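Chemist: My questions will all concern the structure given below.
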Amino acid sequence: MARIALPAGDQLDIVKALSLRPGLAKAVAAMNDAAFASALDWRLHELIRMRIAIINGCTVCLAWRTPQAVAAGVTDELLLGVAGWRTSDAYTAAEKTALEFTERFCRDSTSISDELMARLAEHFDSGEIVELSLVIGKYLSQGRFMQVLGLDQDSCVVDSRFLDESRTA
C-alpha cells in the first residue's frame, strides 16, 4: 500500500506517483529508456539488477524479470544465487567483480577502492564502467523510490527465497 496520497485511477501506483511531478516522470522515463538500450550483456545486466533488488528489498524488483535477460536464458535459479555470488562457480570473474562493485556502490560507495576499479578495468573498458555505474544508479534509485514509498509493493508475488535473501544479504 502506498505510503503517500496518490491520485485516483487504475494505473500502477508508480505511474500515479510520477504523475505528481511530470517533469521528473520524463526524466525517469528517459533513464529507463537509456538503461534498456544498454550495451551491457543482458545476463550481467540482470544479475546486477537482481542484486540491487535483494539489497533494496523491493518486491516489485524481485518479482520482475528483464525480458531481454529472460530471452538470453537467465533463469530464476541463476538469480537465486546472486546474494551468494562470492562462493558460487555460476558467475564469471567479470560478473563477480561487477557484483562486488554493485554491492559497494549500493551500500558504501566510499569503500570502492582504486584496487577494485583496477580489477573492474580488467574486464570492462571505461565506457562500460560508466554504463555499469549508471545502470546500477538507475536500479538503486528507482527500487528504493518504490520500496520506500510503498508503490506497488503488495501487488507482487515474490518467491520467498528472494525475500529471505533480502533480509540477510
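The values are calculated or read from the model by the stated rules, or taken from the named source; none is laboratory data. This one's a predicted model, so the numbers in the text were calculated from it and none came from an experiment. Positions of Cβ are generated from backbone atoms using ideal geometry, with glycine treated the same way; all protein chains shown enter the neighbour counts.
Chemist: For residue 167, state whether it is out of contact with any strand residue (DSSP E or B) (no Cβ under 6 Å at 6 or more places or on another chain), assigned to a helix (DSSP H, G or I), basic (Lys, Arg) and modelled with pLDDT under 85.
Modeler: yes
Chemist: Another question, then. In this structure, is residue 66 surrounded by 15 or more Cβ atoms within 10 Å (Cβ to Cβ), among the hydroxyl-bearing types (Ser, Thr, Tyr) and in contact with a Cys (Cβ under 7 Å, 6 or more places away or on another chain)? Let's see the steps before the verdict.
Modeler: Values: surrounded by 15 or more Cβ atoms within 10 Å (Cβ to Cβ): yes; among the hydroxyl-bearing types (Ser, Thr, Tyr): yes; in contact with a Cys (Cβ under 7 Å, 6 or more places away or on another chain): no.
Considered against the rule, which asks whether it is surrounded by 15 or more Cβ atoms within 10 Å (Cβ to Cβ), among the hydroxyl-bearing types (Ser, Thr, Tyr) and in contact with a Cys (Cβ under 7 Å, 6 or more places away or on another chain), residue 66 comes out as no.
Chemist: Quick check, is residue 10 modelled with pLDDT of 90 or more and acidic (Asp, Glu)? Steps first, please.
Modeler: Working: modelled with pLDDT of 90 or more: yes; acidic (Asp, Glu): yes.
For residue 10, the condition - modelled with pLDDT of 90 or more and acidic (Asp, Glu) - is met.
Chemist: Taking into account only those residues within segment 4-20 that are in contact with a helix residue (DSSP H, G or I) (Cβ under 9 Å, 6 or more places away or on another chain) and surrounded by fewer than 13 Cβ atoms within 10 Å (Cβ to Cβ), which is nearest to residue 150 (Cα to Cα)?
Modeler: As a first pass, look at segment 4-20 and keep what is in contact with a helix residue (DSSP H, G or I) (Cβ under 9 Å, 6 or more places away or on another chain): 4, 6-9, 11-15, 17-19.
With surrounded by fewer than 13 Cβ atoms within 10 Å (Cβ to Cβ) added as a condition, the list becomes 4, 7-9.
Numbers: 4: 8, 7: 15, 8: 16, 9: 17 Å.
Among those residues, the one meeting the criterion is 4.
Chemist: Go through (1) out of contact with any Ser or Thr (no Cβ under 7 Å at 6 or more places or on another chain); (2) under 19 Å from residue 143 (Cβ atoms) one by one and return the number of the condition residue 72 breaks.
Modeler: (2)
Chemist: Limited to segment 71-95, what total is found for residues that are without any contact (Cβ under 8 Å) to a residue 12 or more places away in the chain and within 15 Å of residue 40 (Cα to Cα)?
Modeler: The qualifying residues number 1.
Chemist: Tally the residues that are touching an Asp or Glu at 6+ places or on another chain (Cβ under 8 Å), at pLDDT 90 or above and either of a type in the set (Gly, Ala, Ser) or exposed (fewer than 13 other Cβ atoms within 10 Å of the Cβ) (or both), restricting the search to segment 69-82.
Modeler: Residues meeting the conditions: 0.
Chemist: Could I ask something else about it? For residue 156, only one of the following conditions fails: (1) at pLDDT 95 or above; (2) closer than 26 Å to residue 29 by Cα. What is its number?
Modeler: The single condition residue 156 does not satisfy is (1).
Chemist: For segment 34-72, how many residues are in a loop (DSSP other than H, G, I, E, B) and within 15 Å of residue 105 (Cβ to Cβ)? Please lay out each step first, then the result.
Modeler: Our first condition is that a residue be in a loop (DSSP other than H, G, I, E, B); within segment 34-72, this holds for 37-41, 57-58, 64-66, 72.
Going one step further and asking which of them are within 15 Å of residue 105 (Cβ to Cβ), we end up with 40.
Going through segment 34-72 one residue at a time, the tally reaches 1.
Chemist: Please specify each residue of segment 34-58 satisfying the condition of being modelled with pLDDT under 90 and surrounded by 22 or more Cβ atoms within 10 Å (Cβ to Cβ).
Modeler: Result: 56, 58.
Chemist: Let me confirm something: among 92, 97, 102, which residue is surrounded by fewer than 17 Cβ atoms within 10 Å (Cβ to Cβ), at pLDDT 95 or above and among the hydroxyl-bearing types (Ser, Thr, Tyr)?
Modeler: Testing whether each residue is surrounded by fewer than 17 Cβ atoms within 10 Å (Cβ to Cβ), at pLDDT 95 or above and among the hydroxyl-bearing types (Ser, Thr, Tyr) leaves just 92.
Chemist: Conditions first: (1) in a loop (DSSP other than H, G, I, E, B); (2) in contact with a Pro (Cβ under 7 Å, 6 or more places away or on another chain); (3) of a type outside the set (Gly, Ala, Ser). Residue 16 passes all but one, so which condition is the exception?
Modeler: Here residue 16 clears every test but (1).
Chemist: Continuing with this model, one more query. Can you find even one residue in segment 39-53 that is among the aromatic types (Phe, Trp, Tyr) and farther than 30 Å from residue 1 by Cβ?
Modeler: Our first condition is that a residue be among the aromatic types (Phe, Trp, Tyr); within segment 39-53, this holds for 42.
Next cut, farther than 30 Å from residue 1 by Cβ only: 42.
Yes: one or more hits.
Chemist: Next up: Assess whether residue 116 counts as being under 17 Å from residue 47 (Cα atoms) and at pLDDT 95 or above. Before the answer, list the steps.
Modeler: Working: under 17 Å from residue 47 (Cα atoms): no; at pLDDT 95 or above: yes.
Criteria not met by residue 116.
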